[in-house]
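The values are calculated or read from the model by the stated rules, or taken from the named source; none is laboratory data. Quick caveat, the model's predicted, so the values are computed rather than measured. With ideal geometry, Cβ positions are generated from the backbone for all residues, glycine too; neighbour counts draw on all protein chains shown.
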Amino acid sequence: MFSEDYIKRYSRHILLPEIGGSGQAKLAQAKVFVVGTGGLGSPAAFYLAAAGIGTLGLIDDDVVDLSNLQRQILHATPDLNQPKVESAKAKLTALNPECNVITHHYRLTAENVLDLIADYDIVVDGTDNFPTRYLINDACVIAKKPMVHGGILRFNGQVMTIKPGEGPCFRCIFREPPPAGAVPTCAEAGVLGAVAGIIGVIQATEVIKLVLGKGDPLVGRILTLDALKLKFRDVKISRNPSCPVCGENPTITQPVEYELPPCELRAN
């Protein structure tokens, strides 16, 4: 039986026929792993904790910098120089003490990624660099874990949900990471802070839909945002039979770790 406080906290969810008490119980049992607690990970984790996700895993090797505060809403001025995962945990547990927040203050690597995601149901890609993004994609396909990708730059953003075996993965569209320096980082090109919020919240929505088994997730589709024109585009994409990780004859059967450029800036 649900307690009176539990029912009151999640009453607006429980009122929804698509969720109800049974759906809220599914959210409470769900385990979600968020890679990155910056521009995307902050709003995604915040809304997932508020929604009642039972366990949130956070991984980020960075510390809070003044330049983060324009968009990374889990962090505040008093948190400067603190590990982002610890700053994030403090805010998430203050918002919802029932959420079990597990922190990892180190870098995601080919050696640890499969062990880390093994205990979780869904992975959220809140990364700010291509090498880590491809590492997450490959690991999720290999481990058959759903993944919700998000990306932002300047006034633009994109979201894509990957369900191994049911639709394309990131490599089906973008086979290899771009050469170092070919695509600017947010620190180099800038990003509108609110765009990070929009994309991160859409990622959280996708996670909730996956947990509940409701609606149409962005599988086989990329949703793109042009905030200057305030236009969304829903682009259909297909699985590539020759994809090196999810294709018919995969050549990538273990996570691949591309080298981070020496000047890689954490800016997401």
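Only one of 103, 161 is polar (S, T, N, Q), in a strand (DSSP E or B) and crowded, with 24+ Cβ neighbours inside 10 Å. Can you tell me which?
Of 103, 161, the one residue that is polar (S, T, N, Q), in a strand (DSSP E or B) and crowded, with 24+ Cβ neighbours inside 10 Å is 161.
Look at residue 85 and say whether it is part of a strand (DSSP E or B) and crowded, with 17+ Cβ neighbours inside 10 Å.
Criteria not met by residue 85.
Taking the conditions exactly as written (in a helix (DSSP H, G or I) and in contact with a Cys (Cβ under 6 Å, 6 or more places away or on another chain)), does residue 123 satisfy them or not?
Considered against the rule, which asks whether it is in a helix (DSSP H, G or I) and in contact with a Cys (Cβ under 6 Å, 6 or more places away or on another chain), residue 123 comes out as no.
Collect the residues in the range 198-250 that are of a type outside the set (Phe, Trp, Tyr) and in a strand (DSSP E or B), keeping them in residue-number order.
Restricting attention to the range 198-250, the residues satisfying the condition of being of a type outside the set (Phe, Trp, Tyr) are 198-231, 233-250.
Within the range 198-250, 219, 221, 222, 223, 224, 225, 226, 231, 233, 234, 235, 236 meet the criteria.
What residue, among those in the range 147-185 that are more than 20 Å from the chain's Cα centre (by Cα) and under 23 Å from residue 38 (Cβ atoms), is modelled with the highest pLDDT?
Residue satisfying both the conditions and the ranking: 178.
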